[in-house]
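The values are calculated or read from the model by the stated rules, or taken from the named source; none is laboratory data. Model, not experiment: these values are computed from the prediction. Every residue, glycine as well, gets a Cβ built from its backbone with ideal geometry; the counts of neighbours run over all protein chains shown. Heads up: the accessible areas ignore ligands, DNA and RNA and are worked out on the full protein's heavy atoms, side chains in. Shrake-Rupley method; radii C 1.70, N 1.55, O 1.52, S 1.80 Å.
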Amino acid sequence: MPDISLTTVVLLCLAALAAGWIDAVVGGGGLLLLPALLLGLPAGTPAAHALGTNKAVAIVGTTGAAVTYARKAPVDVRTAVRIGLAALAGSSGGAFLAAGMSTEVLKPVIMVVLLAVAAFVILRPAFGTAPAPGPATRRQILAAIGLAGLGIGFYDGLIGPGTGTFLVLALTALLHLDLVTASATAKIVNCCTNAGALATFAWQGAVLWQLAALMAVFNLAGGTLGARTALKRGSGFVRVVLLTVVFALVANMAYEQWLA
């Protein structure tokens with residue numbers, strides 16, 4: 001355990017709880033959890049340790065949410081795993097290229113895309129409110145593997161913030177899922193990408209395991225509660241949270257780009 005105060009530990013655990021809830025409902029929990037770790041860890045702690053600890057915490061909450069969803073939501077686990085494996089490959093490629101390019105150039109583009117997505121969701125109230133009329137076709141599944149898996153996985157490795165939110169939107173559009181089922185599917189995909197990233201950080205010795213274990217308990221509680229909330233409240237509730245997270249993501253990127 002790093003040398004941090006009890007107050008900071010409590011605040012980090014509360015951040016993990018809230019992040020787990022947000023991530024389970026619509027993705028984007030890392031927007032809260034990672035900054036909390038960067039601020040809470042002692043000065044001089046390598047950023048890689050915050051990133052590795054973040055993944056160790058997040059994978060527990062994501063898995064809890066995925067299990068909760070899989071029990072009650074009509075999730076095609078086989079398709080979700082196939083998309084997840086593609087996302088794992090994509091994130092590896094993105095991480096490989098990230099070291100050789102500036103992601104600051106891409107952030108304004110991502111912000112424009114997010115605002116366009118928000119406008120689309122606002123102007124299309126029926127988006128993601130109805131389940132698919134039947135099972136996904138082979139063409140739809142291949143499109144999801146290519147775009148939601150490889151494409152968003154690549155983005156996750158290259159830049160990262162908002163990956164879960166992008167997955168929910170892409171799965172809703174490509175597979176014609178309702179937002180609750182899309183969130184459930186996205187959690188399984190996230191489990192695959194988080195596992196790959198965690199393995200890399202663990203191999204590098206960049207995980208603070210004691211702190212991660214404590215925070216993971218709260219993240220698991222938040223993730224399980226978030227999944228149950230989404231299942232109970234339905235797609236309309238998820239839509240509101242989705243828009244809130246999208247605007248928060250844009251604000252966060254804008255701050256990092258021009259004000260930080």
Exercise for the section: Identify the residue in the range 75-106 that is over 17 Å from Ala197 (Cβ atoms) and of a type in the set (Ser, Thr, Tyr) and, among all such residues, is modelled with the highest pLDDT. Expected result: Thr79
Practice task
Search the range 154-165 for residues being at pLDDT below 85 and in a helix (DSSP H, G or I), and hand back the single one that is surrounded by the fewest Cβ atoms within 10 Å (Cβ to Cβ).
Solution key: Leu158
Handout entry: Residue under evaluation Leu242, criteria (1) more than 15 Å from the chain's Cα centre (by Cα); (2) over 27 Å from Gly93 (Cα atoms), criterion not met
Key = (1)
Exercise for the section: Kindly establish whether Val189 is touching a residue at least 60 places away in the same chain (Cβ under 8 Å) and buried (at least 24 other Cβ atoms within 10 Å of the Cβ). Expected result: yes
Exercise for the section: Only helices (runs of 4 or more DSSP H) wholly contained in the range 1-90 count here; list those with 3 or more residues that are out of contact with any helix residue (DSSP H, G or I) (no Cβ under 6 Å at 6 or more places or on another chain) and more than 26 Å from Leu150 (Cβ to Cβ). Expected result: 6-26, 47-72
Practice task
Considering every residue within the range 196-214, establish whether at least one is of a type in the set (Ser, Thr, Tyr) and more than 19 Å from Leu34 (Cβ to Cβ).
Solution key: no
Practice task
For Thr224, state whether it is within 16 Å of the chain's Cα centre (by Cα), open to solvent by 10 Å² or more (accessible area, probe 1.4 Å) and hydroxyl-bearing (Ser, Thr, Tyr).
Solution key: yes
Handout entry: Unmet criterion (only one of (1) surrounded by 21 or more Cβ atoms within 10 Å (Cβ to Cβ); (2) at pLDDT below 80; (3) outside any helix (DSSP H, G or I)) for Leu177
Key = (2)
Fill in the blank from the handout: Scanning the range 9-42 residue by residue, those open to solvent by 40 Å² or more (accessible area, probe 1.4 Å) and β-branched (Val, Ile, Thr) turn out to be Val10, Ile22
Practice task
Starting from the range 1-12, keep only residues that are hydrophobic (A, V, I, L, M, F, W, C), then list their pairs with residues that are part of a loop (DSSP other than H, G, I, E, B) and open to solvent by 60 Å² or more (accessible area, probe 1.4 Å) whose Cβ atoms are within a distance under 9 Å, requiring at least 6 positions of separation or different chains.
Solution key: Val9/Met1
